[in-house]
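Undergrad: Here it is, the structure, as C-alpha cells.
The values are calculated or read from the model by the stated rules, or taken from the named source; none is laboratory data. The shown structure was predicted, so the numbers you read here are calculated from the model rather than taken from an experiment. Cβ coordinates were reconstructed from backbone atoms using ideal geometry, including for glycine residues, and neighbour counts include every protein chain displayed.
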Amino acid sequence: MKAHILVIAALMLGASCVRTNLSWTAREKTVIFKSSPVMYVTTLPQDSTILRAKCLEVVEKDYDSKELKTLLEKMLKTVTDPSQEGVGIAAPQVGVNRRIVLVQRLDKEDEPFEAYVNIQIDSLWGDIVVLEEGCLSVPAQRGPVPRYSNVKISYIRDGKKVSECVEGYTARIFQHECDHLDGILYIDRALEVFTDTTWAAQRENFTYERPEWF
Ligand code: ZN
C-alpha cells in the first residue's frame, strides 16, 4: 500500500513540471510592463481562470530577459507592500502563469525574500503538521492546512539548476506557493475555512481595483 502511495506521489510531482518553448506572450508582456510597481493581485472569484491554470516554465533564453527582471522586482514590491504583507507570492497571483515564486526565507538570517524560477517540488517527507494559512488571493479567509515538514525543491539560479532541502514553516510556504503553479489553492487542502474578521477589516483600508486593461 505504502509503495502505491509513493508511486502516485511521484507521478503527481512529475506532472507538475510543465516544459514549454513558449517565450513571453503579448499578454504577459502587457501585465509585466503595464502594471504599477505594486501589482494588482488576482483574487477569487473574478480571477479564477488565472488562479486555476497550470503554469508553464520560463524558457532558457528568457532567464536574463528584461521581462523576468521586471516581473521579479514588481512581485517583490507587491508581496512586501503594507496592503499585502505576505510571506510568499506566486506569479499567477499577479496575472502571469509561469513557474515563478518569491518566498520569505524565515529560516535565514534577516529573513530575506528570494526568487525561484522554474521551481518544482522533488520530494516531500517528515511529519504532517497542521497550521493555519491564508492567501493574498483568497481575501479575509483562513484555515488549518496539513503540510509536510520537509521538502526538497529544485529551481534555476544564475542560469543553473539548483536543489535544496527546506524544513519547518519555510517548507510550508514553498508548498503553498508551488501549489499555486498547479492551480491549487490552500482552500483545496484546508480542513476548514473561516472568515478572519481582523484581516477583513484591515483590507478595507486599501483599494483593490483591477486595472481595466487586465
Ligand atoms: Zn497563496
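Undergrad: All but one of (1) farther than 20 Å from TRP213 by Cβ; (2) at pLDDT 95 or above; (3) in contact with a Lys or Arg (Cβ under 8 Å, 6 or more places away or on another chain) hold for VAL18, so report the exception by its number.
TA: The failed condition is (2).
Undergrad: So which residues in the stretch 58-93 are small (Gly, Ala, Ser) and within 12 Å of the ligand (Cβ to nearest atom)?
TA: GLY86, GLY88, ALA90, ALA91
Undergrad: Can I ask one more? Hey, any hits in the stretch 44-57 for a residue that's within 15 Å of the ligand (Cβ to nearest atom) and basic (Lys, Arg)?
TA: For the stretch 44-57, residues within 15 Å of the ligand (Cβ to nearest atom) and basic (Lys, Arg): present.
Undergrad: Let me ask something additional. Is it fair to say VAL79 is over 21 Å from ARG52 (Cβ atoms) and surrounded by 23 or more Cβ atoms within 10 Å (Cβ to Cβ)? Steps first, answer last, please.
TA: On the way: over 21 Å from ARG52 (Cβ atoms): no; surrounded by 23 or more Cβ atoms within 10 Å (Cβ to Cβ): yes.
For VAL79, the condition - over 21 Å from ARG52 (Cβ atoms) and surrounded by 23 or more Cβ atoms within 10 Å (Cβ to Cβ) - is not met.
Undergrad: Can I ask one more? Could we say that VAL151 is away from the ligand (no atom under 11 Å from the Cβ), of a type in the set (Val, Ile, Thr) and either buried (at least 17 other Cβ atoms within 10 Å of the Cβ) or not in a helix (DSSP H, G or I) (or both) here?
TA: Yes.
Undergrad: So, in the stretch 118-138, of the ones that are within 25 Å of VAL41 (Cβ to Cβ) and touching a Leu at 6+ places or on another chain (Cβ under 8 Å), which residue ends up surrounded by the fewest Cβ atoms within 10 Å (Cβ to Cβ)?
TA: It comes out as VAL138.
Undergrad: Condition check: within 16 Å of the ligand (Cβ to nearest atom) and within 20 Å of GLN84 (Cα to Cα). Does ASP196 satisfy that?
TA: Here the answer is yes, as ASP196 does meet what is asked.
Undergrad: Residues to consider are GLU60, GLU85, GLU73; find the one that is among the charged types (D, E, K, R), at pLDDT below 95 and surrounded by fewer than 15 Cβ atoms within 10 Å (Cβ to Cβ).
TA: GLU85
Undergrad: Determine, yes or no, whether GLU167 is under 25 Å from SER83 (Cβ atoms) and of a type in the set (D, E, K, R).
TA: Against the criterion (under 25 Å from SER83 (Cβ atoms) and of a type in the set (D, E, K, R)), GLU167 does not qualify.
Undergrad: All but one of (1) away from the ligand (no atom under 11 Å from the Cβ); (2) part of a loop (DSSP other than H, G, I, E, B); (3) modelled with pLDDT of 95 or more hold for ILE184; which doesn't?
TA: (1)
Undergrad: Between a residue in the stretch 122-139 that is within 15 Å of LEU181 (Cα to Cα) and touching a residue at least 12 places away in the same chain (Cβ under 8 Å) and any residue that is away from the ligand (no atom under 13 Å from the Cβ) and assigned to a strand (DSSP E or B), which pairs come within a Cβ distance under 7 Å, given they are 6 or more apart or on different chains?
TA: From residues that are within 15 Å of LEU181 (Cα to Cα) and touching a residue at least 12 places away in the same chain (Cβ under 8 Å), the pairs are ASP122/LYS152; ASP122/ILE153; ASP122/SER154; ASP122/SER163.
Undergrad: Going by what's in this entry, would ILE121 be described as touching a Cys at 6+ places or on another chain (Cβ under 7 Å), part of a strand (DSSP E or B) and under 29 Å from LYS77 (Cβ atoms)?
TA: Yes, satisfied.
Undergrad: Pick from GLY143, GLY159: which is out of contact with any Ser or Thr (no Cβ under 9 Å at 6 or more places or on another chain), more than 17 Å from MET39 (Cα to Cα), small (Gly, Ala, Ser) and within 15 Å of the ligand (Cβ to nearest atom)?
TA: GLY143
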